[in-house]
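K.L.:
To start, I am sharing the structure in question, which I have written as structure tokens.
FYI, it's all coordinate maths here, none of it is from the lab. For clarity, every value in this text was computed on a predicted model and none was experimentally measured. Here Cβ is always computed from backbone atoms with ideal geometry, including for glycine, and neighbour counts include all displayed protein chains.
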Amino acid sequence: MSENRLLVFQTDFGYKDSTVAAMYGVVKRVDHTLEIIDSTHELPPFDIWSASYRLWQAMRFWPEGTVFVSVVDPGVGTSRRACVALTKDGYYIVTPDNGSLTHVAKYHGIQAVREIDETINRLHGQGTDETSVFHGRDLFGYCAARLASNIISFEAVGPAYDSSEVIQLPIEQPFYGTKTARGIIEIDDPNFGNLFTNLKTDALLAHGFQYGDRIRITIMHAGECVFARELVFARTFGEVRPNEPVLYNNELMNLSLAVSCGSFVKQYGVGFGSDWTIAAEVIQ
Amino acid sequence: MSENRLLVFQTDFGYKDSTVAAMYGVVKRVDHTLEIIDSTHELPPFDIWSASYRLWQAMRFWPEGTVFVSVVDPGVGTSRRACVALTKDGYYIVTPDNGSLTHVAKYHGIQAVREIDETINRLHGQGTDETSVFHGRDLFGYCAARLASNIISFEAVGPAYDSSEVIQLPIEQPFYGTKTARGIIEIDDPNFGNLFTNLKTDALLAHGFQYGDRIRITIMHAGECVFARELVFARTFGEVRPNEPVLYNNELMNLSLAVSCGSFVKQYGVGFGSDWTIAAEVIQ
Amino acid sequence: MSENRLLVFQTDFGYKDSTVAAMYGVVKRVDHTLEIIDSTHELPPFDIWSASYRLWQAMRFWPEGTVFVSVVDPGVGTSRRACVALTKDGYYIVTPDNGSLTHVAKYHGIQAVREIDETINRLHGQGTDETSVFHGRDLFGYCAARLASNIISFEAVGPAYDSSEVIQLPIEQPFYGTKTARGIIEIDDPNFGNLFTNLKTDALLAHGFQYGDRIRITIMHAGECVFARELVFARTFGEVRPNEPVLYNNELMNLSLAVSCGSFVKQYGVGFGSDWTIAAEVIQ
């Protein structure tokens, strides 16, 4: 008998009511031995970009074969596909195919993807067949539980489709030159107010950037300059004074912006997404 | 040997300190193999109505025999009863008998109820015998753990009392006429700002309401009209433009109010409870 | 084969992104059968005092041998030690040695402490070796998982050092006289707005304080009087009217301040820490 897979959930449902509990109840009715782990239920409502980034952010640290469920689903009830994707490195993702797979597709690669067959892998008989607004509970949670408990195989999720059809949001590729680079502000660290770029620290070091360098940072949004300043590229926050902005190598090995013992986001009003670009240039 | 029951907790303790952890520690000391699932710890403080609704909202999706613990307990330390209720469909609820069982009593029915015998089923010897402010930890959590791990049977909780004595908050019954209905705004969806009425979609459809109809909605609070407008009864939010209000069939098969990609609660200042009434009439 | 230990986590990471999930993934890769329990991830950012208090607040209610992980780590990447402490009553704590052990050292006592050997008990090979900002994931979570799953013994954590070297924040000892006492406001109850002092109820009762007494309370902060008023020392909140301030014996057997059905913190603007002192005197 094969072992259950771990189930990791991220949604924008919040944790103030019983929405998550209803979804988890469905999982436990499928197989009460399934282990459920919260990633986060506080994704910004309707924000598919954040869902995509957060899904990617933690995935590689989990055991191969873990089943992730991601439900940020502004198009629930419309014609967007409900799918299960299998990444090239062996993780499963149960999600609306609405852009949530953008980062995983780009950074892990998708091996195969299947559309969930609602005639089989959707909750029925709980008096909720007529409602189409809560696919987290009735479709994604239920299907993920069946997959994680090996009631169904990946093949039994539903018909395969080409992974090139998976919806991807646009992400500008970073550019690296000698002691210069351009990218985007990819996401925030919502608790500490840091910002993560999509510039890889390894690539910067290979292009003449060094820890301790002073670097001119220019952040543009919608054609306007929002932030322009020389910052130190520090190994630790201790290298700058409290409330000073600083560049550092974040936990995912990307160039990032922080304010020591403070919030870069609040102090400078900088956001994230494809339309927030950053240029970095080593001061000679 | 009988198997452990699942334990699902909801409280108004918040998750910012170690209050929940202390309660869960007590559970794990009773039996460290017990599985604990958070429903929510962010119920509005002291709000028994919300506790009652949230308890009901998720219950039916869980396996029969699951033990729910609900602690919103403004009368802790007073003479309100501490009880375990068994619903007609086989769920256990460990809770102060202060109105928290209102929705479950009405919609599931209560098969039997017992007052917790504090001489047996209360935590002793942890240096907290003298305190009477934290029954979530010392009484409800402890007793629920003993029940879920089958250390005690339901009968050993304490003396039975008549289920007609269970405290119930008033809920006005909905009225359905031909193409017209009246009810209450029963609760909110705190993350998305939607509002759920106690009008059943099935009953509305049986009384001449149809998807696609334009329906005149009037919401009254304390004798004053707070909202009056014609809304579409839509199958999906995609049928109206962003920021437009809309009627829909919610995940529990009740008529509900939303703003597409927005918050009905914030946009129109509407609350919930027995004193928020709604009238719905199909436009001919 | 020895059984896994329970793992209880508290951090200031928040629960809005995948930071916690990345840390838990690392734990599950070490041993996917490990059980992880959230204490809280909403400690005030960088607040070591709160980390110390919250760690102590719940610990005694857990089974002996439980492994606690506490990560509030403003000095990450600097020379502060990363350690595992074993308390005199048999709990393990994996934490930066930065003051987080203050309350546990004072109230439980530390039996032994070891510095984590990063050459062995740090995550390697996940592409994050170069980053030094996320020890929750790469060091504390990883090491705790190895300890909890008995892959390593306590001795294999790393070299022992003297428990007298453990960093402790200053806490003024309470003073008790006949019908008078002085102490500090030690912490808040962030959900209900209560405040806990470090005055033990048992000691107060032994020095002539009685339930039902009227007691003059004076709260000073930085040399200024912030609150001065006579309050009733009540057994339950029901003894005063809603919105009235009251003294009570809290869940940890300490004298505490509340507003019935309200928030003492908000109503009176009182904070907590070593520099918030309280004097209590029974009115004759």
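K.L.:
Given the C-alpha centroids of region C:130-196 and region C:1-32, what is the distance between them in whole angstrom?
P.N.:
Their Cα centres are 18 Å away from one another.
K.L.:
Output wanted: per-residue J couplings in Hz (rounded whole) for region C:275-280, from phi through Karplus 6.51 cos²θ - 1.76 cosθ + 1.60, θ = phi - 60°, x for Gly and Pro.
P.N.:
Values per residue, Gly and Pro as x: 9, 10, 9, 10, 10, 10 Hz.
K.L.:
Give me the compactness ratio for region C:175-219, meaning the Cα radius of gyration over 2.2 N^0.38 Å. Mind dumping the intermediate values first?
P.N.:
On the way: Rg = 11.4 Å, N = 45, 2.2 N^0.38 = 9.3 Å.
Taking N as the residue count of region C:175-219, the ratio is 1.22.
K.L.:
Report Rg/Rh for the protein assembly as shown, rounded to two decimals, where Rg is the Cα radius of gyration and Rh the Kirkwood radius.
P.N.:
Numbers: Rg = 27.7 Å, Rh = 28.8 Å.
Rg/Rh: 0.96.
K.L.:
Give me the three principal axis extents of chain B from the C-alpha atoms, as integers in angstrom, largest value leading.
P.N.:
67, 37, 37
K.L.:
How would you rank B:56, B:276, going from fewest to most other Cβ atoms within 10 Å of each one's own Cβ? Present the calculation step by step, with values, prior to reporting the outcome.
P.N.:
Working: B:56 24, B:276 20.
Taking fewest neighbouring Cβ atoms as first place, the list is B:276, B:56.
K.L.:
Starting at 0 and stepping by 10 Å, how many percent of the alpha carbon pairs of region A:122-246 end up in each bin?
P.N.:
9, 25, 21, 15, 20, 10, 1
K.L.:
Expected output is a single nm value to one decimal: the length gained when fully extending between residue A:261 and residue A:241, i.e. 0.36 nm times separation in residues minus the C-alpha distance. What is it?
P.N.:
Values: separation 20, 0.36 × 20 = 7.20 nm, distance 0.88 nm.
That pair, residue A:261 and residue A:241, stretches by 6.3 nm at full extension.
K.L.:
Counting alpha carbon pairs within less than 8 Å and at least 6 residues apart, what relative contact order, in whole percent, applies to chain B?
P.N.:
For chain B, the relative contact order is 16 percent.
K.L.:
So for region A:175-282, Kirkwood radius off the Cα pairs, Stokes-Einstein at 4 °C and 1.567 mPa s: how many µm² s⁻¹?
P.N.:
Details: Rh = 13.4 Å.
Once the numbers are plugged in, D ends up at 96 µm²/s.
K.L.:
Follow-up. Could you list the trypsin sites (Lys or Arg not before Pro) in region A:86-193 that lie in coil according to DSSP, counting only those with at most 15 other Cβ atoms within 10 Å of their Cβ?
P.N.:
Values: sites: A:88, A:106, A:114, A:122, A:137, A:146, A:179, A:182; in loops: A:88, A:122, A:179.
Filter output for region A:86-193: A:88.
K.L.:
Could you derive backbone 3J(HN,Hα) for region A:116-126 from the dihedral phi with the Karplus parameters 6.51, -1.76 and 1.60 (θ = phi - 60°), listing whole Hz in sequence and x where the residue is Gly or Pro?
P.N.:
So the J values, rounded to whole Hz, are 5, 7, 6, 6, 10, 9, 10, 5, 10, x, 9.
K.L.:
Can I ask one more? Once you charge only the Cβ atoms, +1 for Lys and Arg and -1 for Asp and Glu, what is the size of the charge dipole of the protein assembly as shown about its Cα centre, to the nearest 20 debye? List each step's numbers first, then the result.
P.N.:
Numbers: 69 positive and 102 negative charges, 76 e Å.
Roughly 360 debye, rounded to the nearest 20.
K.L.:
Further question on the same structure: Above 17 angstrom, tally the Cα pairs of region B:224-284 and express them as a % of all pairs, no decimals.
P.N.:
Details: 760 of 1830 pairs.
In whole percent, the long-distance tail amounts to 42.
K.L.:
To the nearest 10 degrees, how steeply does helix A:48-59 sit against the main Cα axis of chain A, on a 0 to 90 scale?
P.N.:
Result, in degrees: 90.
K.L.:
So, one more: Please order B:253, C:59 by the number of other Cβ within 10 Å, starting at the fewest. It would help to have the intermediate numbers written out before the result.
P.N.:
Values: B:253 17, C:59 24.
Lowest to highest Cβ neighbour count: B:253, C:59.
K.L.:
Also, I was wondering about something else. Using θ = phi - 60° and the Karplus relation 6.51 cos²θ - 1.76 cosθ + 1.60, list the HN-Hα couplings for region C:218-235 in order, rounded to whole Hz, with x at every Gly or Pro.
P.N.:
Once rounded to whole Hz, the list reads 10, 10, 10, 9, 6, x, 10, 7, 9, 8, 8, 6, 8, 10, 7, 8, 9, 7.
K.L.:
If you restrict to DSSP beta bridges whose two residues both lie in the protein assembly as shown, what percentage is antiparallel, to the nearest 5?
P.N.:
Working: 143 of 185 bridges.
If I count the DSSP bridges inside the protein assembly as shown, around 75 percent turn out antiparallel.
K.L.:
Measure up A:16/C:16; A:179/A:200; A:28/B:28 against 18 Å on the Cα-Cα distance and list the ones that go over. Numbers along the way, then the final one.
P.N.:
On the way: A:16/C:16 14 Å; A:179/A:200 13 Å; A:28/B:28 20 Å.
Table pairs above 18 Å Cα-Cα are A:28/B:28.
K.L.:
With each run of n ≥ 4 DSSP H residues scored as -39500 (n - 2.57), what mean residue ellipticity at 222 nm is computed for the protein assembly as shown after dividing by its residue count and rounding to the nearest 500 deg cm²/dmol? Each step should come with its number before you reach the end.
P.N.:
On the way: 18 runs with 144 residues, N = 852.
It comes out at -4500 deg cm²/dmol, rounded to the nearest 500.
K.L.:
For chain B, find the longest principal axis of its Cα atoms and tell me its angle to the long axis of helix B:19-30, 0 to 90°, nearest 10.
P.N.:
Its long axis makes an angle of about 50 degrees.
K.L.:
Rounded to two decimal places and with Rh computed the Kirkwood way over Cα pairs, what is Rg over Rh for region B:7-165?
P.N.:
On the way: Rg = 14.0 Å, Rh = 15.3 Å.
My calculation of the ratio gives 0.92.
K.L.:
Pull up all non-local amide H partners of residue B:262: gap of 5 or more, or a different chain, and H-to-H distance under 5 Å with H placed in the peptide plane.
P.N.:
B:243
K.L.:
Here's something else I'd like to know. Which of A:171, B:93 comes first, and how do the rest follow, when ranked by fewest Cβ neighbours within 10 Å? Spell out each step's value before the answer.
P.N.:
Details: A:171 19, B:93 27.
Fewest-to-most Cβ neighbours within 10 Å comes out as A:171, B:93.
K.L.:
Distances from residue C:271 to the same position in the other copies: list them in nm, one decimal, shortest first, using label points 7 Å from Cα along Cα→Cβ.
P.N.:
Result for residue C:271, in nm, nearest copy first: 3.3, 3.3.
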